[in-house]
Amino acid sequence: MGLVYGEYITYGGISIVNAVPAWLGGAAAIDLKVRVRAREGFCEMGDFIRFVINYLRGRFNFDYEICVEVDSEVPQGSGLKSNSAVAVGVIHAVLSLLRGGDVDPLESARLAAEVTRAHGSSITGAFDDASAAILGGVVFTDNKSLRVIRQLNIEPLTVVITGYGNRKNLQGIDRLRGLSGIYRELFSIALNGDLWRVATINGILVAESLGYHRALETIGAAMRLGALASGVSGNGPSIYAVFKPGDEGPFIDYIRSTWGYYLVTRLVGTRYLLS
């Protein structure tokens, strides 16, 4: 067929509202890029990327080989939306390749949610994470109906991340699920604009529910040192803190003396505004 390269960039993210308890989620894109290139032909690929392509093959009935190459800056298994960013990037690049033109980013995000649920790598499908990865900005979603409820463009605040070198702990996930009523209230508060207070409360609840006790100390330190928000991203283990640019220095000093490693990035503004 002589298909040419399809190339796309998506982004990792941090959690505003964890979608596990009430299927209502909020996520913000951060400037950790996932670059995806797709072309006709064969190449070696990881199991997850192969799963995504086979899922698309079943949905769109193409019978030729597609090679996908992924270059990700997002630590895997970190709670920073790596799987969602990879899935939606692969889907968007492959569909662009197949169709030879523009693809609706919301279609790619919905397919990514289907794929990650089918794969078993996401409890809810993480439609919020996939949407933030491809749309940019902050998104609030209903992950059950795969609907974007609200988008917010946001200034490029600084985000400091640590804890991603630890192991994920899902043993307390039922405790988190039991907070559905609280999470519906948090979602409503975030929709009304108080997203950073909600992000911090979310992070504390996730840390308590999943047993990330060291994260609680770090969240407290971040808030004492001037953070606008701090929390656990996704289901952990990453801990993030959001600062006005230039205010992050004291927290970085704290991280150097405790965790010893960190990433510094920024929030990404909206790329696609839904009508």
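A few remarks follow.
- 0 to 90° range, to nearest 10: angle between helix 47-60 axis and the chain longest Cα axis: 50
- Proximity of backbone amide H atoms, modeled 1.01 Å from N, is registered between residue 81 and 13 at under 5 Å, excluding neighbours fewer than 5 places apart on the same chain.
- Nearest-20 debye value, the chain charge dipole, Cβ charges on Lys, Arg, Asp, Glu: 440
- Reported to the nearest whole Å, the Cα centre-to-centre distance from the range 60-99 to the range 227-247 is 26.
- Packing-based order for 105-113, 205-213, using average beta carbon neighbours within 10 Å, highest first: 105-113, 205-213
- Overall shape of the range 86-199 was characterised from the C-alpha gyration tensor. The equivalent ellipsoid obtained from it has semi-axes of 26, 19, 16 Å, in decreasing order.
- Computed from phi, the 3J(HN,Hα) profile of the range 112-118 under the Karplus parametrisation 6.51, -1.76, 1.60 (θ = phi - 60°) reads 4, 5, 4, 5, 5, 5, 5 Hz, with x in place of Gly and Pro.
- Calculated accessible area for the chain comes out at 42 Å² per residue, all protein chains present (probe 1.4 Å; ligands, DNA, RNA ignored).
- In sequence order, the range 182-196 has phi-based couplings of 4, 6, 5, 5, 4, 4, 5, 4, 5, 4, 7, x, 8, 6, 6 Hz under the Karplus curve 6.51 cos²θ - 1.76 cosθ + 1.60, θ = phi - 60°, and Gly or Pro positions carry x.
- Value at 222 nm in deg cm²/dmol, rounded to 500, when DSSP H runs of n ≥ 4 in the chain each add -39,500 (n - 2.57): -12500 deg cm²/dmol
- Whole-Hz ³J(HN,Hα) from phi, Karplus 6.51 cos²θ - 1.76 cosθ + 1.60, for the range 257-272, glycine and proline x: 8, 10, 6, x, 8, 6, 10, 10, 9, 8, 6, 9, x, 5, 9, 10
- Carbon + sulfur, % of accessible area of the range 1-62 - ligands and nucleic acids excluded, 1.4 Å: 51
- Here the Kirkwood formula, the inverse mean of 1/r across different C-alpha pairs, assigns the range 53-126 a hydrodynamic radius of 12.8 Å.
- Set the Cα radius of gyration of the range 1-68 against 2.2 N^0.38 Å, with N its number of residues, and you get 1.44.
- Surface composition of the range 99-195: carbon and sulfur make up 43 percent of the accessible area, probe 1.4 Å.
- In summary, the convex hull built on the alpha carbon positions of the chain has an orientation-averaged projected area of 13.6 nm².
- Think of the chain as having a plus end and a minus end, set by charges on the Cβ of Lys, Arg, Asp and Glu; of 17, 156, 179, 179 sits farthest toward the positive end of this dipole.
The values are calculated or read from the model by the stated rules, or taken from the named source; none is laboratory data. Note that this is a predicted model, so its numbers are computed, not measured. Positions of Cβ are generated from backbone atoms using ideal geometry, with glycine treated the same way; all protein chains shown enter the neighbour counts. Note: areas computed on protein heavy atoms with side chains; ligands, DNA, RNA excluded. Shrake-Rupley method; radii C 1.70, N 1.55, O 1.52, S 1.80 Å.
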